Structure formats: structure tokens, C-alpha cells
1. I need the peptides 35-42, 15-22 ranked by packing, meaning the mean over residues of other C-beta atoms within 10 angstrom, with the highest value on top.
2. If you scale each eigenvalue of the Cα gyration tensor by 5 and take the root, what three semi-axes come out for the chain, rounded to whole angstrom and sorted largest first?
3. Rounded to the nearest 20 debye, what is the charge dipole size of the chain about its Cα centre when +1 sits on each Lys and Arg Cβ and -1 on each Asp and Glu Cβ?
4. Suppose a student asked you for the relative contact order of the chain, using Cα pairs under 8 Å spaced at least 6 residues apart; what percent would you report?
5. Once the Cβ-Cβ distance between ASP37 and GLN65 is put in as r, and R0 is 22 Å, what FRET efficiency do you end up with, to the nearest 0.05?
6. For ARG66, what accessible area in Å² do you get when you roll a 1.4 Å probe over the heavy atoms of the protein chains, rounding to the nearest 10?
7. Looking at the chain, which chymotrypsin sites (Phe, Trp or Tyr not before Pro) are DSSP coil and have at most 16 other C-beta atoms within 10 Å of their C-beta?
8. With labels modelled as points extended 7 Å from the Cα through the Cβ direction, what inter-label distance (nm, one decimal) is found for ARG11 paired with LEU28?
Amino acid sequence: MSEEKHQGMSRFLSLILRHKPETIGIRLDEHGWADVDELINGINASGKHIDRGMLDEIVSTDNKQRYSYSE
């Protein structure tokens, strides 16, 4: 993934997960977690494209460590 696309998707994820999950039709649980499959499907339905590999890359390389997976 290009650096520009990576940064753009990271910003979009931040917007969705921190402020506006309804933008892509998902809900966060009571602890603020999103279901990964719902997140990916919602992003793709919004006209942007992400797959699990891209999400894994963003989660693992984010300098601010904003993202993580939970059991």
C-alpha cells in the first residue's frame, strides 16, 4: 500500500472509530470496540477499499498506536 493511501485510510479509520461509526453503518460496543468484519464491510460499502491485510498493516505500523485488536 502506498504511503499516501496508508495515511488516508488511517485517518478515515480514526474518524470512524473515534467519532462517527454511524458513517459506515456500524456500532461500537460498550467498551468502544468494533467488530473487525463489520468494520471492513462498512468501509468497503462506503466506497473506500480495505481488506484484512491492509487493516493489519495499519494496526501494526501506526506511530501513535491508536489501533489494536481485542479478543
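1. Highest to lowest by the protection proxy: 35-42, 15-22.
2. The three semi-axes for the chain are 18, 14, 11 Å.
3. So the magnitude is around 360 debye.
4. Relative contact order comes out at 22 percent.
5. After rounding to 0.05, the efficiency reads 0.45.
6. The value for ARG66 is about 100 Å².
7. TRP33, TYR67, TYR69
8. 2.0 nm
The values are calculated or read from the model by the stated rules, or taken from the named source; none is laboratory data. Since the model is a prediction, treat every value here as computed from it, not as a measurement. We place every Cβ from the backbone using ideal geometry, glycine too, and count neighbours over all the protein chains shown. Surface accessibility is based on the protein's heavy atoms, side chains included, excluding ligands, DNA and RNA. Shrake-Rupley method; radii C 1.70, N 1.55, O 1.52, S 1.80 Å.
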